Amino acid sequence: DFGRDHATEILKVYRPQIATFNDDVQGTGIISLAGILGALKISGDTLTDKKSVCFGAGTAGVGIANLVMSEMVAQGLSEEEARSRFYLVDKQGLLFDDMTDLTIEQKSFARKRSEFTNANELTNLHAVIKAVQPGILVGTSTAPGTFTKEVVQEMASHVERPIIFPLSKLAEASAQDLLTWTDGKALIATGVPYSPIELKGVTYDIGQANNALIYPGVGLGVLAVNATRLSDAMISAAAHSLQGIV
């Protein structure tokens with residue numbers, strides 16, 4: 001886990017040579033994709049129809065976007081079509097391609113200001129949610145409380161079953177609040193464990209989407225078959241396998 005400035009570049013160099021895996025980039029992506037696939041099974045919606053906002057555009061946030069994008073491609077979209085469904089938000093607000101402080105990986109998801117009539121106003125999460133109307137919101141920001149009632153209810157006003165994953169250990173929102181603010185309609189996974197939550201006579205079991213639940217299995221799988229490389233297809237298979245036991 002080599003950090004924001006080096007992780008992706010190290011993967012690019014060494015993946016063709018050895019069986020290597022970056023937990024922050026790929027492990028978080030696997031667990032998030034598994035959760036999203038499980039949520040879509042409940043809602044009956046289609047992944048390729050969904051727009052996603054990733055709040056926190058470090059190695060984990062970009063890793064999630066890349067893996068979910070790859071799944072969209074596998075389900076029939078072109079890479080350009082799939083990439084167009086992602087909106088990355090960091091401390092600057094929505095990431096635009098004219099920003100000078102973006103990482104190489106962030107640049108691949110940065111938007112053009114010409115896409116929006118109010119691009120200069122998209123400096124906070126609520127403004128982005130209102131403009132984009134996403135079906136999926138993933139938090140890897142480590143900024144607690146940033147999925148506010150205003151943000152969540154804005155999202156829920158456009159989507160029947162919003163998929164909301166506050167994955168940071170310093171949670172962007174509590175599972176209890178997300179359920180309360182959406183009248184139980186949000187499909188939630190969190191980075192930290194929760195006890196079952198009671199709301200209006202219904203018990204909700206909250207899934208823990210923590211990358212610690214996938215990387216031991218990935219490592220064991222590589223060893224079990226004596227793999228010389230860890231391919232994108234193997235990573236996708238891990239997500240689909242995990243989705244079956246959400």
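The values are calculated or read from the model by the stated rules, or taken from the named source; none is laboratory data. Fair warning: this is a prediction, and the values are worked out from it, not measured in the lab. Note that each Cβ is placed from the backbone with ideal geometry, even for glycine, and that neighbours are counted across all protein chains shown. Side chains are part of the model used for accessible areas, which takes the heavy atoms of the whole protein and leaves out ligands, DNA and RNA. Shrake-Rupley method; radii C 1.70, N 1.55, O 1.52, S 1.80 Å.
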ask   = Could you give the length gained on full extension between Gln17 and Gln176, defined as 0.36 nm per residue of separation minus the Cα-Cα distance, in nm?
value = 52.7 nm
message = Report the Cα centroid-to-centroid distance between segment 16-55 and segment 131-184 in angstrom, as an integer.
response = 17
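Can you tell me how much longer the chain between Leu199 and Val225 gets when fully stretched, taken as 0.36 nm per residue apart minus their C-alpha distance, in nm with one decimal? All intermediate terms of the calculation are to be shown ahead of the outcome.
On the way: separation 26, 0.36 × 26 = 9.36 nm, distance 4.54 nm.
That pair, Leu199 and Val225, stretches by 4.8 nm at full extension.
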key: All lysines inside 22 Å of Lys107 as judged from Cα atoms, apart from same-chain residues fewer than 8 positions distant   = Lys12, Lys50, Lys51, Lys91
ask   = Stretch Val192-Lys51 to full length: gain in nm at 0.36 nm per residue minus the Cα-Cα span?
value = 48.3 nm
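Kindly point out which whole DSSP H helices in the chain project their C-alpha atoms 15 angstrom or further along the helix axis while averaging a Kyte-Doolittle hydropathy of -0.5 or above.
Working: long enough: 28-43 (22 Å, 1.60); 59-74 (22 Å, 1.30); 232-243 (17 Å, 0.47).
Span-like helices, by this rule, are 28-43, 59-74, 232-243.
Report the antiparallel proportion of the DSSP beta bridges in the chain as a percent, rounded to a multiple of 5.
Working: 5 of 22 bridges.
Taking every DSSP beta bridge with both residues in the chain, the antiparallel ones total about 25 percent.
Roughly how many percent of the accessible protein surface of segment 61-182 is carbon and sulfur, given a 1.4 Å probe and a whole-percent answer? List each step's numbers first, then the result.
Values: 2550 of 5320 Å².
About 48 percent, which is the carbon plus sulfur part of the accessible surface.
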task = Under 16 Å Cα to Cα from Lys149, which lysines show up? Leave out anything in the same chain fewer than 8 places away.
result = Lys130, Lys185
task = Output the relative contact order of segment 106-246, whole-number percent, from Cα pairs under 8 angstrom with separation of 6+ residues.
result = 15
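For the ranges 132-138, 157-163, what's the packing order if you count other beta-carbon atoms within 10 Å of each residue, average per peptide, and put the highest first?
Details: 132-138: 24.6, 157-163: 17.7.
Listed from highest to lowest mean packing, they are 132-138, 157-163.
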Selected from Gly221, Thr46, Val128, residue furthest toward positive end of dipole (the chain; charges at beta carbon) = Gly221
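Given the -39500 (n - 2.57) contribution per DSSP H run of 4+ residues, what per-residue ellipticity at 222 nm results for the chain, rounded to the nearest 500 deg cm²/dmol? Mind dumping the intermediate values first?
Numbers: 10 runs with 94 residues, N = 246.
Calculated mean residue ellipticity at 222 nm is -11000 deg cm²/dmol.
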key: Equivalent-ellipsoid semi-axes of segment 132-246, from the Cα gyration tensor, Å, largest first   = 31, 15, 13
note = Among [x] 54, 47, 46; [y] 50, 47, 34; [z] 90, 57, 29, the entry matching Cα extents along the principal axes in Å as calculated here is [y]
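Per residue, how many Å² of accessible area does segment 120-166 show with a 1.4 Å probe?
Values: 1900 Å² over 47 residues.
Using a 1.4 Å probe on heavy atoms only, each residue of segment 120-166 averages 40 Å².
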